[in-house]
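Worksheet for the structure shown next.
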Amino acid sequence: MASATATASPETVAQPARPAPKRRWRWPVGSRLGRLIIALNLVGLAILVGGALLLNELRQGLVSARIDSLTTQGELIGKVIDGAATVGEPDPALEVDHAVQLIQLLFIPHSQRVRLFDAQGHLLADSYVVADRVEWKLLPPAQKRDGEGFNFSMGPDDGQPKGKIADKARAALENEVHGAMEGHKVSGMRITETGERVVSVSIPLQRVQAVLGVLTLEASDVDEIITAERMALIPFILIAVGVTLISSLLLTRLVSQPIRLLARAADRVRLSRARAISLPDLARRDDEIGDLTRSLETMTGALSERMDAIERFAADVAHEIKNPLTSISSALETLDLVKDPKARDRLSAILKQDVRRMDRLVTDISNASRLDAELSRDNPHPLDVARLLSDIASLYETPGRQGAASVTLTDQTGGQPVMVSGREGPLGQVFRNLIDNARSFSPEGGGVRVGIARARGQVVVTVEDEGPGIPPENLETIFQRFYTSRPKGAAFGGNSGLGLSIARQIVEAHGGVIGAENLSGQGGGGGGARFTVTLPEVQG
């Protein structure tokens with residue numbers, strides 16, 4: 001039995017993945033949502049960092065203040081001992097018994113320890129011993145050792161044997177005392193025999209230049225200060241975590257969920273072949289998500305309109321092509337039955353006319369179908385409309401058929417450049433179509449007047465003829481595709497009815513408006529017609 005397991009080819013597996021293109025990071029300039037995301041993420045971190053910096057500064061301040069306090073107390077005790085427990089001139093000496101009694105009489109707080117050393121570094125007095133104070137602490141839970149009895153830990157020794165900690169503590173104290181014996185005040189933090197951190201100050205007891213002893217003061221409340229600082233950090237940490245959690249939920253609600261809704265709506269449009277996407281709740285938002293939603297709705301609406309226009313255009317094309325095809329088919333069927341040469345010549349003329357009409361239709365339909373693509377490929381640029389109209393009008397100065405209407409250009413802009421943002425080819429096609437249309441309606445010997453002017457930041461171009469005018473009910477219909485209404489005597493099939501429709505499409509693509517009106521105010525009155533093209537002016 002053949003195996004059903006499929007194996008991939010080595011070539012497919014060995015293909016290396018293409019590296020993703022590098023993206024440049026950019027600050028979200030003008031992005032409200034981007035600034036909100038960054039601000040919310042930084043608030044929690046700023047709170048935590050600010051609290052840590054504040055408490056670190058407070059800790060250093062407390063330690064410094066503790067050293068200053070111990071120094072002040074030590075200097076005071078040193079002055080008392082110097083004044084009451086030293087004798088001898090000129091060789092001073094320290095009265096040990098009197099000094100011990102002074103230390104016993106002085107009030108020493110529970111969290112402090114005072115020790116007195118002689119000039120050789122021997123311990124003379126200890127406030128813990130003088131006050132008969134017993135040092136005590138809570139023991140940690142008993143731990144079994146290999147199933148044999150219990151092992152008791154005696155303090156924060158960080159895993160080191162207690163003897164090593166005591167040796168280090170004694171060495172630190174000796175170094176501090178020896179430093180003070182040289183006549184300098186020594187202060188700082190060190191470890192005691194029990195592993196506690198203390199703030200210590202050693203002050204030399206001097207008489208003139210002779211060092212009679214060293215007074216050492218210790219404060220064992222450093223661990224309590226550090227613990228209090230750590231406890232004080234907890235509210236800042238909780239606030240930072242809360243702000244981060246709230247910001248995450250807010251960002252999820254503001255960004256993640258709306259984007260998911262947009263993705264699902266786009267999938268519904270794709271799967272159900274719908275022509276519109278509607279998310280009114282998101283469209284009302286005043287941020288990038290709202291902009292995206294409105295853009296998607298506008299895009300799908302424009303695509304829907306474009307599809308409807310394509311369908312209507314296809315139907316109109318089919319309808320217009322059927323007319324000459326029907327005429328050609330009828331002429332061909334009749335041609336075989338007609339024996340009269342004159343009748344056959346008339347049928348041949350009809351066939352040739354319909355063929356020319358078909359050719360004109362196909363050409364204009366092809367131009368109309370390519371118009372959108374041409375407009376999208378050619379980027380608009382500043383264009384002098386006055387110069388363009390002057391060039392087009394000069395083309396009609398060439399002698400043509402006898403009796404053709406003349407073209408006259410009237411520039412009301414004072415000869416200054418008139419700039420619009422557009423494409424020279426399509427706009428030139430608009431003006432040529434309007435002039436040709438006006439000449440076709442003007443009588444023999446008549447004239448076509450082309451004018452250009454400025455009006456409220458707009459460029460206005462007018463094309464007037466001397467023809468019969470336009471019926472009022474057709475002032476808008478003439479811009480529809482395949483609509484034709486030619487004067488008497490005009491060749492049938494010489495126009496496809498797409499010229500004015502293409503002109504409107506080009507003008508609207510440039511942000512302008514095109515319209516028609518009768519000069520006499522009443523259609524058919526013989527006063528002629530005026531076509532007006534309005535385009536937004538730009539600075540050149």
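The values are calculated or read from the model by the stated rules, or taken from the named source; none is laboratory data. Since this is a predicted model, take the numbers as computed values, not measurements. Cβ sites come from the backbone with ideal geometry, for glycine too, and all protein chains shown count toward neighbours.
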The one condition in (1) crowded, with 16+ Cβ neighbours inside 10 Å; (2) at pLDDT 80 or above; (3) over 22 Å from L535 (Cβ atoms) that A393 fails to fulfil: (3)
Flag for T216 being assigned to a loop (DSSP other than H, G, I, E, B), closer than 30 Å to V96 by Cα and assigned by TED's automatic domain parsing to the domain that holds P92: no
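For every residue, the table says whether it meets (1) modelled with pLDDT of 85 or more; (2) assigned by TED's automatic domain parsing to the domain that holds R306; (3) surrounded by 14 or more Cβ atoms within 10 Å (Cβ to Cβ).
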residue	(1), (2), (3)
G425	no, no, no
G428	yes, no, yes
P443	no, no, yes
F479	no, no, yes
F482	no, no, yes
Yes/no for S295 being part of a helix (DSSP H, G or I) and within 30 Å of L36 (Cα to Cα): yes
Residue pairs meeting the criteria (Cβ under 8 Å; at least 6 apart or on separate chains; first under 12 Å from I321 (Cβ atoms) and at pLDDT below 80, in the range 340-365; second of a type in the set (D, E, K, R) and assigned to a helix (DSSP H, G or I)): L361/E320
Elements of type helices (runs of 4 or more DSSP H) in the range 95-191, at least 3 residues being at pLDDT 85 or above: 162-181
Yes/no for P21 being surrounded by 10 or more Cβ atoms within 10 Å (Cβ to Cβ), at pLDDT below 60 and part of a loop (DSSP other than H, G, I, E, B): no
Test: residue in the range 195-205 that is more than 25 Å from K79 (Cβ to Cβ) and either at pLDDT 80 or above or assigned to a helix (DSSP H, G or I) (or both): yes
Pairs where the first residue, in the range 420-448, is over 15 Å from R504 (Cα atoms) and the second is part of a helix (DSSP H, G or I) and among the β-branched types (V, I, T), C-beta under 8 Å, 6+ apart: V420/V385; V448/I435
Scan of the range 487-515 for residues that are at pLDDT below 85 and surrounded by fewer than 14 Cβ atoms within 10 Å (Cβ to Cβ), ordered by number: P487, K488, G489, A490, A491, F492, G494
Filter result (hydroxyl-bearing (S, T, Y) and either under 30 Å from A52 (Cβ atoms) or in a helix (DSSP H, G or I) (or both)) within the range 227-281: T227, T244, S247, S248, T252, S256, S272
Hey, E288 among the charged types (D, E, K, R), in contact with a Lys or Arg (Cβ under 8 Å, 6 or more places away or on another chain) and assigned by TED's automatic domain parsing to the domain that holds I365 or not: yes
All positions within the range 103-123 that are more than 23 Å from R197 (Cα to Cα) and in contact with a strand residue (DSSP E or B) (Cβ under 9 Å, 6 or more places away or on another chain): I103, Q104, L106, D118, A119
